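The values are calculated or read from the model by the stated rules, or taken from the named source; none is laboratory data. Because the structure is predicted, anything quoted here is derived from the model rather than measured. Positions of Cβ are generated from backbone atoms using ideal geometry, with glycine treated the same way; all protein chains shown enter the neighbour counts. Note: areas computed on protein heavy atoms with side chains; ligands, DNA, RNA excluded. Shrake-Rupley method; radii C 1.70, N 1.55, O 1.52, S 1.80 Å.
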Amino acid sequence: MTARLLIGAGAMGGAMLDGWAAEGRSDLHLWDRRAADRAGVARLTAIADAAALPRPLAVVLAVKPQAAPEVLAALRSQLRPGDLVVSVMAGVGLAALRRGLGEGPDLVRAMPNLAAALGRAVVALSASPALPLARRAEAMALLRALGALVWVEESEMDAATALCGSGPAYFFRLAELMAQAGEAAGLPATAARQLAAGALISAGALAQTADVADARRAVTSPGGATAAALARFDHEGRLAALTAEAVAAAAERAAELARELETLTP
Ligand SMILES: NC(=O)C1=CN([C@@H]2O[C@H](COP(=O)(O)OP(=O)(O)OC[C@H]3O[C@@H](n4cnc5c(N)ncnc54)[C@H](O)[C@@H]3O)[C@@H](O)[C@H]2O)C=CC1
Ligand SMILES: O=C(O)[C@@H]1CCC=N1
């Protein structure tokens, strides 16, 4: 069985550890210079300890992109041929990972979201076309406990980040605003928050069983309350335009993170 080393156990890395905990694995290792100890996870005292870990080894990189140069430089000499490195860092491309880590390890990029903690993420994956199928299968085995897996081209990864990595925050923002609007419409604050969050949970549950456009149509009685609200959202295409602008901004920020990385040196 492939041993796992997670580097960076903040919000995203911690969610992955929670997702993996459900698999009951005993071969999880962690390097983080700050995060707290976790039950069932062996903590390295330094990244140099990675060299002594059992092989084969899968390393998951979940530090901020800005920490990548330092972490890649420290990890490079600890890796062995045949190691697999999976990076969930937004905007850090395969070419930058290869430059930082050298020719030794096989590389996969993954973009999960925080629902990984519950095994309910959707994870975009990309790799070089030259990566053998067996290695792709290993990456999928590593990530399967976190949720659904979707392979994309590397050139599509920033757009995928804008949808699946950042996407949950857009729905949370809408639920926050719905709660405020519900309060303005006369509900007590607590009930407004419960009902708005409840609607989000209900929509997520329904989206698991139906195409989202079909689910929307099923909720929307002709001439009813939902139609009145959707007409406002869609007036002159404004929600479509705003959503396109927001998703493009997230994708552009991911691309910008990559450009900033080019200027950082370890
Ligand atoms: N937060 C999210 O919803 C998602 C985040 N990501 C990606 O995951 C990565 C981590 O993001 P978050 O967990 O949100 O950040 P975070 O700041 O919560 O966690 C980063 C962790 O890395 C550790 N760290 C920083 N520098 C280090 C170093 N040199 N050596 C060892 N550990 C170090 C920190 O102590 C911290 O625990 C980012 O690259 C982000 O793009 C991807 C998908 C979703
Ligand atoms: O906001 C970010 O940059 C990270 C990547 C996707 C979600 N969180």
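General remarks:
- Ranking 175, 207, 246 by how far each Cα lies toward the positive end of the dipole of region 167-254 (charges on Cβ) leaves 175 at the top.
- Within the chain, DSSP assigns beta bridges of which about 10% are antiparallel (rounded to the nearest 5).
- Residues in the chain average 54 Å² of solvent-accessible surface per residue, probe 1.4 Å, ligands and nucleic acids excluded.
- Distance between region 143-205 and region 32-47 - C-alpha centres, whole angstrom: 31 Å
- Max mean-square fluctuation residue, GNM over the chain, Cα-Cα springs under 10 Å, options 116, 240, 229: 229
- Loop-located trypsin sites (Lys or Arg not before Pro) in region 32-74 (DSSP state other than H, G, I, E, B) with a sparse environment of at most 15 neighbouring Cβ atoms within 10 Å: 33, 34.
- Along each principal axis, Cα extent of region 167-254, largest first, Å: 39, 29, 29
- Only Lys, Arg (+1) and Asp, Glu (-1) charged, at Cβ; the chain dipole about Cα centre in debye: 500 debye
- Taking a ≥ b ≥ c as the square roots of the eigenvalues of the alpha-carbon gyration tensor, region 56-142 is classed oblate because a/c is 1.5 or more while a/b is no larger than b/c.
- Shape class for region 3-157: rounded, because the ratio a/c of the largest to smallest gyration tensor axis (alpha-carbon atoms, square roots of eigenvalues) is under 1.5.
- Rounded to the nearest 20, the Cβ-based charge dipole of region 3-157 about its Cα centre (Lys and Arg +1, Asp and Glu -1) stands at 140 debye.
- When each full DSSP H helix of the chain is screened for a Cα extent of at least 20 Å along its own axis and an average Kyte-Doolittle hydropathy of at least 0.0, the helices passing are 167-184, 189-207, 238-263.
- When the chain is treated as a GNM with alpha-carbon contacts under 10 Å, the residue of 28, 142, 230 showing the greatest mean-square fluctuation is 230.
- Expressed as a whole percent, the accessible surface of region 86-201 that belongs to carbon and sulfur atoms is 66, based on a 1.4 Å probe.
- Global form of region 160-213, assessed from the alpha-carbon gyration tensor, a/c cut-off 1.5: oblate
- Take the Cα of residue 213, step 7 Å toward its Cβ, do the same at residue 230, and the gap between the two points is 1.2 nm.
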